[in-house]
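Here, each number is a calculation from the coordinates, and none is a lab measurement. The model shown is predicted, which means the values in this text are computed figures rather than measured ones. No Cβ is skipped: glycine too gets one built from the backbone with ideal geometry, and neighbour counts run over all protein chains shown.
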Amino acid sequence: MLWPFLRFPDERTVAQRQRSGWWLLLERWTDSASRELMVRRYTDADERTDYSARNPLAQRSWLLGRAVAKDAVRQHLWAMGAPPMYPVEVQVGHDDAGAPHVSAPTEATGLHLSIAHSAHVGVARLSTEGPVGIDVEQVKPRGEGFSALAFTDAERRILARASDQQPGDPVAANDDDPDFDVRLTAMWAAKEAAAKAAGTGLQGRPGDWMITEAVGDRIRVNDTWVEVEVLDIAPPGGNPNRTERIEPDTYVVAWTAGPQVPAADHPHDRPSQRPGALT
Amino acid sequence: MTQPHTSPPSSRPGAPPATTADAADPSGEPRPGEVVATVAQLVGEVIGEEYVADLDIGPDTSFSDDLEMESIEFVALAEALQLRFGERVDFVAWLAELELDDLIDMTVGRVAAFIEDCLSR
């Protein structure tokens, strides 16, 4: 993935378009030399000044977000007939509310962009039709306290009902319910995606974005349907010579699908690695 | 980057108000700086030690600007703090009454001050 890009940086991308229509970028440049290589390929002088002013944590997520956004825009413009284009030719800005916008050598007006990152994963979604939102979150063990802080009682009933395998307390986490944390993370990511599509982001107010329904891999937040997909991704830095198996990390990606439920018999099946993870 | 903290805990800018007693309080109140250290430790557990290894977390450390914490991680931190300090610290009520600017500018010191306030009641 990286090697073809380094040879033809104006024709190749590091991020990859997923069948569901969003872009995925895995942070595989964990040592400082390869990270510096990415910075040089993806940023111009102004962006490098911006980058250098940030602390190491912020630099990593900034680079992931910029790179996946620039790759998404380039691939989109190439598909529209644009000539080869280097990442530095695509500019990503933010409005006052933090919503990103793009400019490029060829016509990119009316292009709506959303970016998200979590740990070693960056994602982006583009639309020519209207505002979009995407979020990615790494699945980690959360408990009752998290659920109580993040969701209303009504939402917690949806969270519990989605599994339909808890005979006891309908809103309690269940040790026999291994997908509880996946669903909980998906519900949070769905709120983030819907809030970003509105141009504001969550702003620490999960209560403004009410989950009213969860059907299959789709979650309704207020009036917006959000699709979710579960990904298992190996952490970077694994040594191929080591024989022990490295457990992959699980991530949830959520993106806005518009006001209507997408047709169930979608022409190309969504490549969810865990079909029906929410049901 | 977080500024280095070389001064005594009680004189750090943004530090919670110093308690009257320097030694451990017989009522079980934490020593100055103790809650900050606990919050810093739980931050490391929530966002991962690999991410905080190079950072010196103190009262002035901002969750958003310095630690790049996502909102989901802030909720996870609140859960961890709730588990650690118990029912006397009601994060749900506290977070509910905060304004947006309060959350964006939230620092380790402010969370620690809230916890100390709850524990001293």
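Listed peptides A:29-40, A:135-146 appear in the order A:135-146, A:29-40 once ranked by packing, highest mean of other Cβ atoms within 10 Å at the front. Peptide B:74-81 has a mean shielding of 5, counted as Cβ atoms of other protein chains within 10 Å of each residue's Cβ. Across peptide B:83-92, the average count of Cβ atoms from other chains found within 10 Å of a residue's Cβ is 1. When you count the other C-beta atoms within 10 angstrom of each residue and take the mean per peptide, A:204-212, B:79-87 line up highest first as A:204-212, B:79-87. Please compute, for peptide A:57-67, the average count of beta-carbon atoms on other protein chains lying within 10 Å of each residue's beta-carbon. Mean partner-chain Cβ count within 10 Å for A:57-67: 2. Label segment A:1-137 by shape, choosing from rounded, prolate and oblate, from the square roots a ≥ b ≥ c of the eigenvalues of the Cα gyration tensor; if a/c is under 1.5 it is rounded, and otherwise prolate applies when a/b is larger than b/c, oblate when it is not. In terms of gyration-tensor shape, rounded. For segment B:69-80, 3J(HN,Hα) computed residue by residue from phi via the Karplus equation (6.51, -1.76, 1.60; θ = phi - 60°) reads 6, 7, 5, 5, 6, 5, 5, 4, 5, 4, 4, 5 Hz, glycine and proline entered as x.
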